[in-house]
Amino acid sequence: MKKSQYTLAELANGLDLTIQGDPQCIIRGVCTIQQGHEGCIAFLVNPLYKKYLPTTTASAVILLQEDADNCPVNALIARDPYYIYAKIAAYFDDRPASVSGIHPTAVIGQHCEIDPSVSIGAYCVIGDHVKLGANVVMNAGCVVGDYTELGESSYLYANVTLYHKVKIGKRVLIASGTVIGSDGFGIAKNKGIWHKVPQLGRVMIGDDVEIGANCAIDRGAIGDTVIENGVKLDNLIQIGHNVRIGENTAIAAFVGVSGSTEIGKNGLVGGQAGFSGHLTIAENVVITGGTAVTRSIREPGIYSSGVGGVVSNSEWRKNSARINRLDKLIDRVKALETRLSELTESKEK
Amino acid sequence: MKKSQYTLAELANGLDLTIQGDPQCIIRGVCTIQQGHEGCIAFLVNPLYKKYLPTTTASAVILLQEDADNCPVNALIARDPYYIYAKIAAYFDDRPASVSGIHPTAVIGQHCEIDPSVSIGAYCVIGDHVKLGANVVMNAGCVVGDYTELGESSYLYANVTLYHKVKIGKRVLIASGTVIGSDGFGIAKNKGIWHKVPQLGRVMIGDDVEIGANCAIDRGAIGDTVIENGVKLDNLIQIGHNVRIGENTAIAAFVGVSGSTEIGKNGLVGGQAGFSGHLTIAENVVITGGTAVTRSIREPGIYSSGVGGVVSNSEWRKNSARINRLDKLIDRVKALETRLSELTESKEK
Amino acid sequence: MKKSQYTLAELANGLDLTIQGDPQCIIRGVCTIQQGHEGCIAFLVNPLYKKYLPTTTASAVILLQEDADNCPVNALIARDPYYIYAKIAAYFDDRPASVSGIHPTAVIGQHCEIDPSVSIGAYCVIGDHVKLGANVVMNAGCVVGDYTELGESSYLYANVTLYHKVKIGKRVLIASGTVIGSDGFGIAKNKGIWHKVPQLGRVMIGDDVEIGANCAIDRGAIGDTVIENGVKLDNLIQIGHNVRIGENTAIAAFVGVSGSTEIGKNGLVGGQAGFSGHLTIAENVVITGGTAVTRSIREPGIYSSGVGGVVSNSEWRKNSARINRLDKLIDRVKALETRLSELTESKEK
């Protein structure tokens, strides 16, 4: 059961770390290192924030061994302070607890298999043949289509929409406004008119996946769209039909993955990046923010496209103009080379 | 009525194609050419997938005449295999059928004209003076504002929001989470403070339009925002106030069209492209993914912006640095030209 | 009370402008200058539209002194015509009026403080300990989490989702589909697996803020995400955890602001721009559309990144290739410089 305060020793219990200072120090919450509060614990990983350590007013800091000497307060010395912070912060998570049971206003279809431990909020609408595992939570206003399944301890925030025949694993967390199983963008032109291509596949989502707010994950056109175990998606992400996202890949906001592209395991994709369709991206690939991935990537590594560096608009205008005149510059260099060759030759004669 | 299986001859009935092989071959579903299943039909258009044809284990393949000789199984030879696939796949579409009638929990306003054939799901909320044509379907949780109209056979997936005075044509399909008729982004600054500009126009959507999930289509500021017949929009698209999208134009995910821009008929817009406001784009224009369209386009053609090609991050850093030093390179070329001219002149003397 | 028509004099009442022409001219609505209607009033600011003034068929035009002589109809001469238009257009705003009271289907939690003047639509679900100020309006299908507060005259369109402990000021307008208070994208890797970092902060939104459709504003990880007074957000915007947006900053669609970045007052951000995390952006900074802001900006000004200018795709391909060969061009210039130096030296000898 949750308490309102813990000793450092209680928080450290079971974690791989060393306490420097007073293990009985009382901690009632978390804070940042720059805005430290009495009774709160902070963490330090990002070098940008090291300057705040010597004067922090937090009661304790989770940090690396190398920073321990500069810590003026209690310290939890860890090999991975951010992960340790994640474990400790969970003690102070005050997300409202879910009320077990099915709200009387929820509409439940026929032939469903619903574990008695679920929590279903007001005005949820659940189709026929739906399966909900133990401890599934569904907040108000969610709509779940026929034959859709959610594994145990999966959690839907309010106003999530799952279409029919979506399969979601265990401990999956889906934020509000997200739509899963919508039709892929399949259109075929005939005699100048677009015709819809029926989208007959499913969406299969593994275990321990987190999906942010207002995402759209389309069902497969023929086979399935697959999000493997441990994938983490930020808000406002678009996953096209028949895409496969490999295990433990994390993707930031506004990324679009076009149809049939496969991204390997352990990938990292920065915000606003985009993938063309029908590509294969290797495991352990990092795509930096804003990159347009227009070809398959076979080797692990960090990849980018475009031109980086924010500059003043006037500088940018000049650069843009120069680039659009690069052909002329190349011609001038070519002319110089020719003239110089002629000059050298004439001189040698 | 739908059946669970068809002969090739039944599927081909009425379509412009030639059967090669056994017209009595039984087909129970669709598959991809690379993952062929006994009893399933695949299609082949994308040259990337031709390598899978000789060994496909599908029971039949829809393909072009030029590929027919390499097909080891039954073939449907078509001039447009993808379109033919779309027609045939419809036989196997298992989207749950809509239940006719108005769910007892739906809240319906006053003075509405609702065809008796409609299907309105649980917890839909429909305003006053709304008109719903024959066979309109509205899944659970949709909200429809006053004076909004949907033409016959239009279909809203769950949790769609239509504001007031939106007019939607016939056979329009709208995916979940999409918002139509929201206020345009109209703000006027006065004495350092932004003031809202009332958005008094409507949204007018033609027939046979498809709109994906979590899109936002703003109402006009003065006149209307117009989506013409046959337009197809992917997920997460933003259409600003007073935009007009011409007939049969197709737009991919994350495209933003700023206020008052008009895109002509038969356009194609790649994902993550953006349009500035007040532009006119001709008919038959293709905008590639990620392009920033900052000027009007008068001629049909394919247009792009930025710098293409995903490269290693280290290469990208060098390229970016080189571009930001282009002015120096230009100066060096100019210096070379001057020196060479001097050299030549001195030589000629 | 609203009327269906006004005289020019009535519309001009209390505003800082001069009437040119007939103050008794009857106005029944608004129109654009290019599609003028009898009985309607237009405005003129954008120079692109000046060509329409001499032939406009509007009954009156709000314009600058410099354009007054070219106006063939009645004119309201103003220093800021767009702002004056905003004030006048409000007379013709026909957004459906809200019905006061709580719809019988709304589910209200315990220990709430709800002003009797509120309007709560059908199927809204409101958690425990929620505070709603005077004249708050909430359209159908909104979900409001525990301990969330809305200040007086704030307005939620249908299907808005507010998580727990979100604080929203006065006169805030939020469009449909928007999600506020969702978990920030906090993940920590340990032994190859991502672990969720609890998001314990809140979202604090000031007064007079407008937020468009289908936005996502994440709660803080430790401290709060803050949107200051007078901020205006377009549709489909992503605000990461612990971001702060300064007063009166306006941001266009598809902009993403990564975690802990602070944008100063009076900023302007164009569509599809993106901000890396942990940046500080000064006041009065303009970021043009599509710009990737990857470093802090200390000085007011206009900033851009990338390469501008939409060109034909064939030209673009050549430019992209040239840029990826820039290193070779630099080498050629260097070689020319060396040869020319040698030549000059040998000549001098």
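The values are calculated or read from the model by the stated rules, or taken from the named source; none is laboratory data. Note that the coordinates shown come from a computational prediction; the quantities given were computed from them, not determined experimentally. Glycine also receives a Cβ, built like all others from the backbone with ideal geometry; neighbour counts cover every protein chain displayed.
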Worksheet item: Residues of the range C:250-259 being among the small types (Gly, Ala, Ser) and either surrounded by fewer than 22 Cβ atoms within 10 Å (Cβ to Cβ) or more than 9 Å from chain A (Cβ to nearest Cβ) (or both), which ones?
Response: C:Ala250, C:Ala252, C:Ala253, C:Gly259
Worksheet item: Counting just the residues of the range B:278-298 that are more than 9 Å from chain C (Cβ to nearest Cβ) and surrounded by fewer than 22 Cβ atoms within 10 Å (Cβ to Cβ), which one comes out nearest to B:Ala221 (Cα to Cα)?
Response: B:Leu279
Discussion item. Being within 8 Å of another protein chain (Cβ to nearest Cβ), in a helix (DSSP H, G or I) and closer than 18 Å to B:Arg332 by Cα narrows it down to one residue among A:Arg317, A:Arg332; which is it?
Written reply: A:Arg332
Worksheet item: Of all residues in the range A:152-166, how many are assigned to a loop (DSSP other than H, G, I, E, B) and touching a strand residue (DSSP E or B) at 6+ places or on another chain (Cβ under 6 Å)?
Response: 5
Worksheet entry | Residue identified as surrounded by 24 or more Cβ atoms within 10 Å (Cβ to Cβ) and in contact with a Lys or Arg (Cβ under 7 Å, 6 or more places away or on another chain) among A:Tyr123, A:Tyr163 | A:Tyr163
Worksheet item: Would the range B:266-273 turn up any residue that is of a type outside the set (Phe, Trp, Tyr), facing chain A (nearest Cβ under 9 Å), farther than 30 Å from B:Leu233 by Cβ and touching a Ser or Thr at 6+ places or on another chain (Cβ under 9 Å)?
Response: no
Worksheet item: For residues in the range B:134-151 being closer than 27 Å to A:Gly109 by Cβ and touching an Asp or Glu at 6+ places or on another chain (Cβ under 9 Å), which is farthest from the other protein chains (Cβ to nearest Cβ)?
Response: B:Ala134
Item to complete: Would you mind stating whether B:Arg95 is assigned to a loop (DSSP other than H, G, I, E, B), within 14 Å of chain A (Cβ to nearest Cβ) and more than 24 Å from B:Arg202 (Cβ to Cβ)?
Response: yes
Discussion item. Regarding the range A:86-97, can at least one residue be identified that is over 26 Å from the mean Cα position of the chain (by Cα) and charged (D, E, K, R)?
Written reply: no
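Among the residues of the range B:28-44, count how many are under 14 Å from B:Leu76 (Cα atoms) and either free of Cβ contacts under 8 Å to residues at least 40 places away in the same chain or surrounded by fewer than 18 Cβ atoms within 10 Å (Cβ to Cβ) (or both). Talk me through it step by step, then tell me what you get.
First, pick out the residues of the range B:28-44 that are under 14 Å from B:Leu76 (Cα atoms): B:30, B:33, B:40-44.
Filter once more, keeping what is either free of Cβ contacts under 8 Å to residues at least 40 places away in the same chain or surrounded by fewer than 18 Cβ atoms within 10 Å (Cβ to Cβ) (or both): B:33, B:40, B:42, B:44.
Residues meeting the conditions: 4.
Yes or no, residue by residue, for (1) surrounded by fewer than 21 Cβ atoms within 10 Å (Cβ to Cβ); (2) within 21 Å of C:Gly267 (Cβ to Cβ); (3) more than 7 Å from chain A (Cβ to nearest Cβ):
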position	(1), (2), (3)
C:Asn190	yes, no, no
C:Gln199	no, no, yes
C:Arg202	yes, no, yes
C:Asp207	yes, yes, yes
C:Ile211	no, yes, yes
C:Gly230	no, yes, yes
C:Asn235	no, yes, yes
Worksheet item: Is it true that A:Ala134 is modelled with pLDDT under 95, assigned to a loop (DSSP other than H, G, I, E, B) and surrounded by fewer than 20 Cβ atoms within 10 Å (Cβ to Cβ)?
Response: no
Fill in: Hey, C:Asn319 under 30 Å from C:Ser258 (Cβ atoms), at pLDDT below 90 and surrounded by fewer than 21 Cβ atoms within 10 Å (Cβ to Cβ) or not
no
Worksheet item: Looking at this structure, is B:Ile222 at pLDDT 95 or above, in the same structural domain as B:Ala253 (by TED's automatic domain parsing) and crowded, with 24+ Cβ neighbours inside 10 Å?
Response: no
Worksheet item: Could you say which residue among A:Asp67, A:Asp146 is of a type in the set (D, E, K, R) and assigned by TED's automatic domain parsing to the domain that holds A:Gly29?
Response: A:Asp67
Fill in: Lone unmet requirement of (1) free of Cβ contacts under 8 Å to residues at least 40 places away in the same chain; (2) surrounded by 15 or more Cβ atoms within 10 Å (Cβ to Cβ) for B:Ser312
(2)
Worksheet, complete the sentence: Within the range B:154-188, the residues that are without any contact (Cβ under 8 Å) to a residue 24 or more places away in the chain, within 14 Å of chain A (Cβ to nearest Cβ) and small (Gly, Ala, Ser) are B:Ser154
Practice prompt. Residue by residue through the range C:77-107, note down the ones that are among the aliphatic types (A, V, I, L, M) and either out of contact with any helix residue (DSSP H, G or I) (no Cβ under 6 Å at 6 or more places or on another chain) or without any contact (Cβ under 8 Å) to a residue 60 or more places away in the chain (or both).
Written response: C:Ile84, C:Ala86, C:Ala89, C:Ala90, C:Ala97, C:Val99, C:Ile102, C:Ala106, C:Val107
Worksheet item: Is there a residue in the range C:113-124 that is within 14 Å of chain A (Cβ to nearest Cβ), β-branched (Val, Ile, Thr), touching a Gly at 6+ places or on another chain (Cβ under 9 Å) and free of Cβ contacts under 8 Å to residues at least 24 places away in the same chain?
Response: yes
Practice prompt. Could you list all residues from the range B:272-288 that are of a type in the set (Val, Ile, Thr) and within 12 Å of B:Ile302 (Cβ to Cβ)?
Written response: B:Val285, B:Val286, B:Ile287, B:Thr288
